[in-house]
Amino acid sequence: MNRLVTAGAVTGLAGLAAYALPAVTAFAPGRRALLPGLAGLGPAGHVALTFDDGPDPVSTPKFLQLLAEHDIRATFFLLGSMLDRDHGLGREVVAAGHEVAVHSWFHRCLLWRSPRATYDDIARARDLVGSLGGGAPRWYRPPYGVLTTGALVACRRLRLEPKLWTAWGRDWRAAATPDTIVADVTSTLASGGTVLLHDSDCTSAAGSWRRTLDALPRLITWSEARGLRLGPLAEHQLVRS
């Protein structure tokens with residue numbers, strides 16, 4: 001009997017390990033080296049600019065205005081729970097020429113969610129994002145960048161492609177400043193990379209979006225000085241092909 005219990009426990013642990021195995025892709029250096037497509041590596045000369053956690057009626061319009069001033073388009077990974085509060089703002093993002101993508105409905109780590117709950121969460125968010133007028137969303141980015149087998153299966157069923165990043169500003173931290181955001185992004189950003197920033201503080205330190213907004217013009221200048229063209233992931237892929 002004890003052997004059966006032990007065998008069952010081992011089998012269960014093995015199953016959990018297999019389910020969580022894709023989470024190792026959250027380790028950025030290894031991801032860039034081994035899974036460049038998932039990391040968001042694209043063609044030389046182009047950088048994909050992406051924002052997570054919106055849309056937020058307080059902050060997102062300010063990002064839209066700044067990007068319009070610089071004639072730059074980006075990809076916004078939207079949370080269904082945020083979008084559901086203001087569908088009109090989501091349509092404004094699309095109308096401004098930006099690409100919209102899926103960042104789940106709730107910002108919860110997928111390691112603690114069942115395959116069914118994961119699928120329902122992603123599908124619900126995909127359907128709402130797809131109703132904004134920008135066509136069926138193509139990309140999915142999991143909360144915290146943590147993937148599971150359940151998320152990969154859901155993405156395949158929903159015709160979504162997981163997409164993470166090669167450089168981030170760690171702008172969610174209370175200790176972040178415009179200087180640290182610029183330094184963190186530029187320390188790993190190279191030609192063909194994908195940048196992760198946040199246009200909302202709904203899961204970040206209060207007011208963190210203001211520091212991101214202050215850092216953004218400097219990041220744009222830094223990229224342009226190196227001949228890097230900023231744009232959405234859709235262009236990243238088109239150039240790459």
Checking 26, 101, 33 in turn, the sole residue that is among the aliphatic types (A, V, I, L, M), under 27 Å from residue 201 (Cα atoms) and modelled with pLDDT under 95 turns out to be 26
Over region 89-118, the set of residues closer than 26 Å to residue 67 by Cα and not hydrophobic (A, V, I, L, M, F, W, C) is 90, 91, 92, 97, 98, 99, 103, 104, 107
Within region 68-121, residues surrounded by fewer than 17 Cβ atoms within 10 Å (Cβ to Cβ), among the acidic types (Asp, Glu) and under 22 Å from residue 147 (Cα atoms) come out as 120
When restricted to 148, 194, 177, the only residue in contact with a strand residue (DSSP E or B) (Cβ under 8 Å, 6 or more places away or on another chain) and among the polar types (S, T, N, Q) is 194
Over region 198-241, the set of residues farther than 21 Å from residue 65 by Cβ and without any contact (Cβ under 8 Å) to a residue 60 or more places away in the chain is 205, 206, 225, 226, 238, 241
Practice problem: With the condition kept exactly as written, say whether any residue in region 175-188 is at pLDDT below 95 and either within 23 Å of residue 56 (Cα to Cα) or out of contact with any Phe, Trp or Tyr (no Cβ under 7 Å at 6 or more places or on another chain) (or both). | Solution: yes
*Can we say residue 125 is farther than 26 Å from residue 73 by Cα, in contact with a Ser or Thr (Cβ under 8 Å, 6 or more places away or on another chain), among the small types (Gly, Ala, Ser) and crowded, with 23+ Cβ neighbours inside 10 Å?*
no
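The values are calculated or read from the model by the stated rules, or taken from the named source; none is laboratory data. What you see is a predicted model, and the numbers here were worked out from it, not measured in a lab. Note: ideal-geometry Cβ built from the backbone for every residue, glycine included; neighbour counts use all protein chains shown.
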